[in-house]
Amino acid sequence: MIDYHNAWIDSLSFVFRDRFLYRPEGDVNENKAAAEALLARQSEMISAYGHTVVNEFPVEIYIDEKLDRSTSGAVFLIGGIPSMTVELGTGEVPDTAIINAAVADTRNVLRFAGMLDDEMEPIEGIKVIDPGFPVRRRSALRVTEACVVEHFLEAGDSVSVGQPVAAIRDVWAPGWGKGSVFRVRWRSRRPSTRYLQISWRGDLFSCDPG
């Protein structure tokens, strides 16, 4: 099952992979084995689609946000049917290249499912990111006032620790709030956790986007 959405303006086309969960009651080993088999089937389907893959929030947030009850989450976890949420990017303005790629790669999923019997089609016209390690969804940084954001990167660019990714300004320029410019940077306390850091007039304020 494919649940289609549009993410945000200038977003990549990507897939949200739902969390892998199983029930602790009854025969736990049997439940886990069944869930692992379903996960493998889901992974094959996502690979057939071929776009950038983003794992969903950590389990606690995934449950708190009721994403296990989303269309793809419920079909996957309760129905036992391989599923995925496809984000076509671009917000309310369709991107022809993404739409064409999504249509072709949906046909590839139908081939994976045995519903079409011709050859797989190549992925063309879009950027696909595979950093070589799993990546997961995180909540975005929020601001308390209206502002103008200048992005320093394109969607899909790699980010190193301490690298500025955006500047935040108010409409009066040159900066946000009394003429100041905030620069949003990546900071990492340990390899598995990343934080955003805002630099303002030489003072550093850490901000956990999670």
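Computed quantities for the displayed model
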read-out	value
Amide H partners (placed H, <5 Å) of residue 17, local residues excluded	54, 55, 56
For segment 82-99, Karplus couplings with θ = phi - 60° (6.51, -1.76, 1.60), whole Hz, Gly/Pro x	x, 8, 7, 9, 9, 9, 7, x, 6, x, 8, 10, x, 9, 4, 5, 5, 4
R0 of 35 Å, Cβ-Cβ distance residue 97-residue 143: FRET efficiency to nearest 0.05	0.65
Mean Cβ count within 10 Å, highest first, over the residues of peptides 46-53, 12-19, 106-113, 130-137	12-19, 46-53, 106-113, 130-137
Proximal charge balance of residue 7 [Cβ under 12 Å; K/R count +1, D/E count -1]	-3
Beta bridge orientation in segment 1-147: antiparallel %, DSSP, nearest 5	25
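Read-outs: derived from the displayed coordinates by stated rules, not from any lab. Owing to the predicted nature of the structure, the values given are computational and were not obtained by experimental measurement. Note that each Cβ is placed from the backbone with ideal geometry, even for glycine, and that neighbours are counted across all protein chains shown.
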